[in-house]
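A quick write-up on the structure given underneath.
Each value in this text was obtained by applying a stated rule to the coordinates, not by laboratory testing. All figures in this text were calculated on a predicted structure; none of them were measured in a lab. Here the Cβ is made from the backbone with ideal geometry for all residues, glycine too, and neighbour counts use every protein chain on show.
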Amino acid sequence: MRTDDLLNMLGNDRVAEPPSAVVLWRWLVPALLFSFGAMAFGLGMRLPLSQGLFLPEVLPKFLLPVVLGMLAAPLALRFAQPLASPRLVWLWAIPVLGVALLLYAYLTTPSQARMMDFTGKTIMPCLVSIPALSAPLLAAFLVALRRGAVMAPMRAGLIAGFAAGGLGTAIYSLHCTEDSPLFYVSWYGAGILITAGAGALIGRKLLRW
């Protein structure tokens, strides 16, 4: 049997295992509830949201990571198919928007306030909480990918990390009181990159055949 025939057979096999998407939903929904509960009861939710998070100038701190998670999730699942070649170009839209928002904030913030807005008061809680809240979600993605036939385990883990990091960051934003894009674009981005890096390293070991 040729290698391509074997990979096609693995990609089309639906008998022994449920599809990775089904497995993901089985694990992702409880993981989301767990992370949300950990944020709400462990860190505390910022209330009322209508006066904090959902102001036009603050909404991107929630919306951008949510969109990142929603874009990256189906791309990660495509890696479960051995012959799939996911196009990752759309993922670049989120960092491009983030950089544009960062530049806008830099230009519109008074020079004497820029460093204060950039450092904020919660850098370390942010860098610890985002990967921690994203960890259950990353585990759900990796369990789902394990049910497939991943041929690029490090890349699959990386994209799964971006998906989990985006969703975990959105959950954290419901707690965070840092509203300057100088802070949240920079440090939310760092938290997502930490999660993505962890996904790549774990995926390289866990997802290979």
Inset, instruction - Provide the FRET efficiency to the nearest 0.05 for the residue 70-residue 108 pair, computing r from the beta carbons and using R0 = 25 Å. - result: 0.30
Inset, instruction - Taking the Cβ of residue 154 as the centre, find all other residues whose Cβ is under 10 Å away and add up their charges (Lys, Arg: +1; Asp, Glu: -1). - result: +4
Inset, instruction - Scan the chain and hand back the longest stretch that contains none of the trypsin sites (Lys or Arg not before Pro) lying in DSSP loops with at most 13 other Cβ atoms within 10 Å. - result: 122-207
Legend entry - Exposure proxy order (Cβ contacts within 10 Å, fewest to most) of 173, 85, 129: 85, 129, 173
Legend entry - the chain: calculated mean residue ellipticity at 222 nm from DSSP helix runs of at least 4, using -39500 (n - 2.57): -23000 deg cm²/dmol
Inset, instruction - First select every other residue whose beta carbon is under 14 angstrom from the beta carbon of residue 57; then total the charges, Lys and Arg +1, Asp and Glu -1. - result: -2
Legend entry - Ranking of 117, 179 by count of other Cβ atoms within 10 Å, fewest first: 179, 117
Inset, instruction - List every DSSP H helix in the chain whose Cα atoms extend 18 Å or more along the helix's own long axis and whose mean Kyte-Doolittle hydropathy is at least -1.0. - result: 20-37, 60-78, 93-108, 123-146, 153-173, 181-206
Inset, instruction - Can you list which of the chymotrypsin sites (Phe, Trp or Tyr not before Pro) found in the stretch 80-168 are DSSP loop residues with at most 13 other C-beta atoms within 10 Å? - result: none
Legend entry - Coordinate range along principal axes, alpha carbons of the stretch 17-206, Å, largest first: 56, 34, 26
Inset, instruction - Could you check the simple spin-label distance between residue 201 and residue 41, using points 7 Å along Cα→Cβ, in nm with one decimal? - result: 3.0
